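Reviewing the structure listed below.
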Amino acid sequence: MNEPIIHVENLCKKFDDFTAVNQISFDVSRGEIFGFLGANGAGKTTAMRMLCGLSFPTSGMGTVAGFNIRTEGEKIKSHIGYMSQRFSLYDDLTVFENMKLYAGIYGLSRQQTLQSIDEKLEQLQFASEKNTLVGALPLGWKQKVAFSVATLHRPEIVFLDEPTGGVDPITRRQFWELIYNAAANGTTIFVTTHYMDEAEYCSRVSIMVDGKIEALDSPKKLKEQFSVQSMDEVFRTLARRAKRTE
Amino acid sequence: MNGFASFVKKETLHIFRDFRTMMIVLLIPIVLMVLFGFAISTEVNNVDVAVVAPNRGDEVSKAVSRLQHNPYFTFKGFINADEIDHTLRSGNAMAVAVFDNDFNKKSALAKDAKAKPTVQIVLDAADVNTASSSAIYLQSVLTENAMSKQTLFNTHLLYNPQLKSAYNFVPGIMGLIFILICAMMTSVSIVREKESGTMEVLLVSPVKPIHIIFAKMIPYFLMSSFNLLTILLLAKYLLDIPMIGGISGIVIISLLYLILSLSFGLLISTLADKQFTALLISAVVMMVPIMMFSGMLFPIENLPLVLRPVSAIVPARWYIDAVRKMMIEGLPLMAVANDFLILLGMTVVLLGVSLKKFNDKLE
Amino acid sequence: MGTLRVLLEKEITQIRRNPILPRIFVAMPIALMLVIPWITTMDVNDVKVAIVDNDCSSVSQRITSHVKGSTYFSFRGNATDYQSAQSALESGEIDVIILIPNGFERNLSSQQPKPIDLTANAVNATKGSLGMQYVMQTTIKAIGEIQQEKGLNPTSSDVIAIKYFYNETLNYQHYMIPALMIIVLLLICCFIPALNIVSEKESGTIEQINVTPVSRLSFTLAKLIPFWIIGIIVLSIAMLLAWLVYGLTPTGSLGAIYLGAALFVVTMSGFGVAVANISDTMQQAIFVMFFFVMIFMLMSGLLTPLTSMPQWAQDVTYLFPPRYFVKIMRAVYLKGATIAEIKMEYICLACAAVVFNTLATLTYKKQS
């Protein structure tokens, strides 16, 4: 348990002459809720995509769940869950069909599939909408379903890319309860967000500016370091240094 | 009006940023035009002929040598009578000339009015056209004709003396390519904004919806005009199509046709709310009817009466007809006023209906 | 295997729920099979002919009556002078003018007969040249008849017998029907899988799949298999209609047709997927597909004979998989060829299937 579940050293990603991610290094330990913050265009999503095996790093190295992100992308994929900032379940399939599809993809047996779908629907109090087309759900609900899908196969770590964008405050709260629940069951959470109140819920937070990690610590220590009252002020202080515009 | 100009600029930028798509759209017509202009032909040519001749006397060798020297035919060698069916079925030859034993005595027998056939031509009629025209050509090649065609007839093939198929195909290809490409471009560009939700942002801006639509169409219109230019240059300098009637008439009617095609795409975009659907309609569903009903490949006059009204509503039909007349027969624009007015009417109706539908959806 | 099953289930559910796809699968073969065979005839059976008879002899009258009696022509009357006939030709009212010169009959038996003037509108090259050939044939026949009556040499065309195999009545519909089946398969198996995959790219759902351990092969197969099945069903509908409406049944074995069709459908859908994989947007995919489908339709011998293309173009067509299937379909459907007789076509098509499907799997990148 001492070994970090994510270990990243000098990770870089360049697109032509644009350096989206510039030499970042950090560790995430098991069971943490790791907040990955940054302004739009700071390189969060690019970094996350490299960790998930969706994109090859230009240089640097990293491991996720003990697997090399450059060479063992496919192995990583069976140990993680992922939820992107764009809602990406199938609109024309029902809640149940979407869940069944991903359970099947992760190789859950029929028994396990039905059981974990029931559990998830129970947890979401969503059993009545089991056969609703996902496209017909309100955004908040879609995101909760997407989270359930990402954690259906009990992954060691879940990557959440701005999971609560555009969602109302009540649903956001419920969403974070889901996250806490998952973390309590031992799942590591790697989450990006723009909401600084959400950053306060994280065990540790990193802040990216122009492709680099400018600060990394627990919210409490960060506030002390910058001698401010809230994460919001920490973020503003750092984001002001940004030269990149979106 | 300033808002309008900035919209046009935005749309143009969109197109230029997606460099790959832009190159695809600009290159496709050029490549298709060159390929089809040179390659496609409905003429009967290079027909493979095998010969059955149990007795290879003088007359047979003369006939075979005429066959070998005829540009329409390729002599594939002698076969046995029992191989005819297999040869045709496997496609090794399109026709078999079967000389019978008496062929060499032809001159002797010819005086007998009731002479039995001494040559039989067996054709693979699975390909009807090639079979029936090969039959005609083969007859005259295989037998020395007493009244040879050269002395009996003076022939004039007007407008297309070298019988180039390109002359017939170029207007057809233009008619097909323009309408499909334009429809695909406009329908997708509008539906895509609907899908991503950016359309709503545009619609709440103070610019009138109709201006948004026109702003979307203008860059595409310019792009298709560029396509038109390259196609006309290719037609004139590469495919040597005469265009003796002058180019201005062709350009005018083509520009009208481009507007019509863009409006058609606009109509599709009001019917579809997903790019998938828009493209299914504009490419998969429309392609074959336009190809078949426009007279591009199959002459309109061969249509059965009940189907003629269908071809009348296909804009490509009128455009192709007009361009053929102007490009190849060299008629002036005035001579195709009928086609022009029909296209104009269609444009007005298409544009009117789609704008109305577009506005209705907003309310 | 389990993964492939759930993915297939997903694809089939999505196709079934699509508001327009299932309708296209049923309506397209029916509409095309019912309508297109009636219009796709290049057979020139209605050449409009005007005769300018300056000879007014028994020979010229014989020629006129032969033209009137021929099924190829529709006789548009005797024109009084060449000028008026020519303007009728320009306006498209007539296709061919036959000008019989004064003194034609008198000079016919001489060493240098006065030639008949034939003028054809050759804008449509096929129609122009074929029409001209028909006119010559008919005229020669008419003259031959007269000479034979007078006891002179009969024309030698009389001693040639023509036999049409496989399609004795020269029914153009029978020639087109197998081609139409191919067109339907081409449209369905090229465009739709391509659109299907790119739409997943654009909506972002493919990313959710890419972050799972699904293998490239299972994902690609799950995209392809439904279209293989649909292709075969659509072909069956089309064959049934060919039999019910046009009375055309395959002369060769059904097995040979389905084997060819299976190879073709597999090849073309693999091609569609490969194009989709290298495209960023639906628009790109559809333009590239459109480009190839146009080429396949017009350069594979579907609508115009392969042999009429110049040699370089014929050589290029060996790269187009539809070329082989066109030959297989016509040979089996109309001529009753066996697989052994056209085995090269089957082998080439099978190779194409392997190549395109390998491409389809390889071009699908889960990690960029």
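Across the range A:23-43, what is the number of residues that are farther than 26 Å from A:ALA183 by Cβ and modelled with pLDDT of 90 or more?
Result for the range A:23-43: 1.
Please find, within the range C:240-275, the residue that is surrounded by the most Cβ atoms within 10 Å (Cβ to Cβ) out of those that are more than 12 Å from every other protein chain (Cβ to nearest Cβ), closer than 21 Å to C:LEU224 by Cα and among the small types (Gly, Ala, Ser).
C:SER269
Would you call B:VAL49 β-branched (Val, Ile, Thr) and over 13 Å from B:VAL141 (Cα atoms)? Steps first, answer last, please.
Numbers: β-branched (Val, Ile, Thr): yes; over 13 Å from B:VAL141 (Cα atoms): no.
Answer is no for this residue.
Just name the residue that is nearest to C:ALA242 (Cα to Cα) out of those in the range C:288-317 that are without any contact (Cβ under 8 Å) to a residue 12 or more places away in the chain and more than 7 Å from every other protein chain (Cβ to nearest Cβ).
Applying the filter and picking the extreme gives C:GLN314.
Could you give me the residue pairs with C-beta distances under 8 Å whose first residue belongs to the range B:40-53 and is at negative phi and within 11 Å of chain C (Cβ to nearest Cβ), whose second residue is in a strand (DSSP E or B) and at pLDDT 75 or above wherever it lies, and which are 6+ apart or on separate chains?
Within 8 Å, the pairs are B:VAL47/B:PHE73; B:VAL47/B:THR74; B:VAL47/B:ALA95; B:ASP48/B:PHE73; B:ASP48/B:THR74; B:ASP48/B:LYS76; B:ASP48/B:ALA95.
Just for the range A:79-90: of the residues that are among the polar types (S, T, N, Q) and touching a residue at least 60 places away in the same chain (Cβ under 8 Å), which one is surrounded by the fewest Cβ atoms within 10 Å (Cβ to Cβ)?
A:GLN85
Of the numbered conditions (1) surrounded by 21 or more Cβ atoms within 10 Å (Cβ to Cβ); (2) over 17 Å from the mean Cα position of the chain (by Cα); (3) without any contact (Cβ under 8 Å) to a residue 12 or more places away in the chain, A:ARG49 fails exactly one; give the number of that condition.
(2)
What residue, of B:VAL31, B:VAL25, is in a helix (DSSP H, G or I), modelled with pLDDT of 80 or more, under 37 Å from the mean Cα position of the chain (by Cα) and crowded, with 20+ Cβ neighbours inside 10 Å?
On the way: B:VAL31 fails: crowded, with 20+ Cβ neighbours inside 10 Å.
None of the other options fit; the residue is B:VAL25.
If a residue counts only when it is buried (at least 24 other Cβ atoms within 10 Å of the Cβ), which helices (runs of 4 or more DSSP H) contained entirely in the range B:276-336 have at least 1 such residues? Step through it out loud before you land on a result.
Details: elements: B:286-293, B:308-312, B:315-327.
So the answer is B:286-293, B:315-327.
Of all the residues that make up the range B:176-230, how many are hydroxyl-bearing (Ser, Thr, Tyr), under 15 Å from B:LEU351 (Cβ atoms) and surrounded by fewer than 24 Cβ atoms within 10 Å (Cβ to Cβ)?
Taking the range B:176-230 first, the residues hydroxyl-bearing (Ser, Thr, Tyr) are B:186-187, B:189, B:196, B:198, B:205, B:220, B:224-225, B:230.
Then keep just the ones that are under 15 Å from B:LEU351 (Cβ atoms); that gives B:186-187, B:220.
After this cut, where a residue has to be surrounded by fewer than 24 Cβ atoms within 10 Å (Cβ to Cβ) as well, the list is B:220.
The number of residues fulfilling the criteria is 1.
Within the range B:101-113, is there a residue that is at pLDDT 65 or above, at the interface with chain C (Cβ under 7 Å from one of its Cβ atoms) and touching a Leu at 6+ places or on another chain (Cβ under 8 Å)? Give the derivation first.
Initial filter on the range B:101-113 (at pLDDT 65 or above): B:101-103.
Add one more test, that the residue is at the interface with chain C (Cβ under 7 Å from one of its Cβ atoms), and what stays is none.
Scanning the range B:101-113 turns up no residue that is at pLDDT 65 or above, at the interface with chain C (Cβ under 7 Å from one of its Cβ atoms) and touching a Leu at 6+ places or on another chain (Cβ under 8 Å).
Sort out which residues of the range B:202-231 are more than 16 Å from B:LEU13 (Cβ to Cβ) and not hydrophobic (A, V, I, L, M, F, W, C), and write them in order of number.
Residues satisfying the conditions are B:SER205, B:PRO206, B:LYS208, B:PRO209, B:HIS211, B:SER224, B:SER225, B:ASN227, B:THR230.
Enumerate the helices (runs of 4 or more DSSP H) found wholly within the range C:247-365, keeping only those where 2 or more residues are among the charged types (D, E, K, R). Reasoning before the result, please.
Working: elements: C:254-278, C:282-299, C:311-316, C:321-335, C:343-362.
In the range C:247-365, C:321-335, C:343-362 are the helices (runs of 4 or more DSSP H) which contain 2 or more residues that are among the charged types (D, E, K, R).
Pick from A:ALA65, A:ALA20: which is within 14 Å of chain C (Cβ to nearest Cβ), under 15 Å from A:THR188 (Cβ atoms), surrounded by 16 or more Cβ atoms within 10 Å (Cβ to Cβ) and small (Gly, Ala, Ser)? Step through it out loud before you land on a result.
Working: A:ALA20 fails: under 15 Å from A:THR188 (Cβ atoms).
Only one candidate qualifies: A:ALA65.
Is the range A:91-105 home to any residue that is in contact (Cβ under 8 Å) with a residue 12 or more places away in the chain, surrounded by fewer than 16 Cβ atoms within 10 Å (Cβ to Cβ), more than 30 Å from A:GLY38 (Cβ to Cβ) and out of contact with any Lys or Arg (no Cβ under 8 Å at 6 or more places or on another chain)?
Checked the range A:91-105: no residue is in contact (Cβ under 8 Å) with a residue 12 or more places away in the chain, surrounded by fewer than 16 Cβ atoms within 10 Å (Cβ to Cβ), more than 30 Å from A:GLY38 (Cβ to Cβ) and out of contact with any Lys or Arg (no Cβ under 8 Å at 6 or more places or on another chain).
Does B:ILE252 qualify as being in contact (Cβ under 8 Å) with a residue 12 or more places away in the chain and assigned to a helix (DSSP H, G or I)?
Yes.
Output the residues belonging to the range A:108-136 that are within 22 Å of the chain's Cα centre (by Cα) and either touching a residue at least 24 places away in the same chain (Cβ under 8 Å) or buried (at least 19 other Cβ atoms within 10 Å of the Cβ) (or both). Spell out how you get there, then give the answer.
Going through the range A:108-136, the residues within 22 Å of the chain's Cα centre (by Cα) turn out to be A:116-117, A:119-121, A:123-124, A:134.
Scanning the range A:108-136 gives A:SER116, A:ILE117, A:LYS120, A:LEU121, A:GLN123, A:LEU124, A:VAL134.
Among the residues of the range A:84-134, count how many are at the interface with chain C (Cβ under 10 Å from one of its Cβ atoms) and either outside any loop (DSSP other than H, G, I, E, B) or in contact with a Cys (Cβ under 6 Å, 6 or more places away or on another chain) (or both).
Narrowing the range A:84-134 to residues at the interface with chain C (Cβ under 10 Å from one of its Cβ atoms): A:84-94, A:97-98, A:100-110, A:113, A:133.
Add one more test, that the residue is either outside any loop (DSSP other than H, G, I, E, B) or in contact with a Cys (Cβ under 6 Å, 6 or more places away or on another chain) (or both), and what stays is A:94, A:97-98, A:100-105, A:110, A:113, A:133.
Residues in the range A:84-134 being at the interface with chain C (Cβ under 10 Å from one of its Cβ atoms) and either outside any loop (DSSP other than H, G, I, E, B) or in contact with a Cys (Cβ under 6 Å, 6 or more places away or on another chain) (or both): 12 in total.
Tell me, which helices (runs of 4 or more DSSP H) wholly within the range C:146-224 include 3 or more residues that are modelled with pLDDT of 80 or more and within 28 Å of the chain's Cα centre (by Cα)?
Working: elements: C:172-186, C:192-203, C:205-210.
Filter on the range C:146-224 gives C:172-186, C:192-203.
The values are calculated or read from the model by the stated rules, or taken from the named source; none is laboratory data. Just so we're clear, the structure is a prediction, and the values are computed from it rather than from any experiment. Note that we place each Cβ from the backbone using ideal geometry, even for glycine, and neighbour counts take in every protein chain shown.
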